[in-house]
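Participant: I have a structure here, written as C-alpha cells, and I will follow up with some questions on it.
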Amino acid sequence: MASRVRATGNNFILASLLATLSYLPFQLVAQFTLIICVLLFEVDPFPTSRLVSVAGVAVVLAITKARQHFLILEANEEELQQQQQSVNATHDDKSD
C-alpha cells in the first residue's frame, strides 16, 4: 500500500510540474527542456538515456519550427486582412 501512495505522490508532483510549465512562455520551457536533456546526456552514461536526450532535443526543435511557421502564417494572414480592409475602404470612398 505504501508504494501505491508513493506512486500517486510522484504522479502528483509530475502533474504539478507539467501544469506549472504550461503557464510559462514557450522559450523558457524549451530552454529548460534542452538543459535537462544536456544534463541527462552528460551525466547518465547509458545509451538509452542518451537516446532519450537526443529525442528530447529533436522534439523541442520540431516544436520550435512548427511554432515559427505558425507565427509566420498568422502574421501573413493579418497583413492580408489589413490589405483587404484598406482596399474595401478605398472602394467605399470612391463609390461615395
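The values are calculated or read from the model by the stated rules, or taken from the named source; none is laboratory data. Since the model is a prediction, treat every value here as computed from it, not as a measurement. When the accessible area is computed, the model is the full protein with side chains, heavy atoms only, and any ligands, DNA or RNA have been set aside. Shrake-Rupley method; radii C 1.70, N 1.55, O 1.52, S 1.80 Å.
Participant: How large is ³J(HN,Hα) for each residue in the stretch 48-54, as worked out from phi by the Karplus curve 6.51 cos²θ - 1.76 cosθ + 1.60 (θ = phi - 60°), to whole Hz, x for Gly and Pro?
Facilitator: Per-residue couplings from phi come out as 5, 5, 5, 5, 4, 5, 5 Hz.
Participant: Hey, any idea what % of the stretch 22-96's accessible area is carbon plus sulfur with a 1.4 Å probe?
Facilitator: That fraction is 65 percent.
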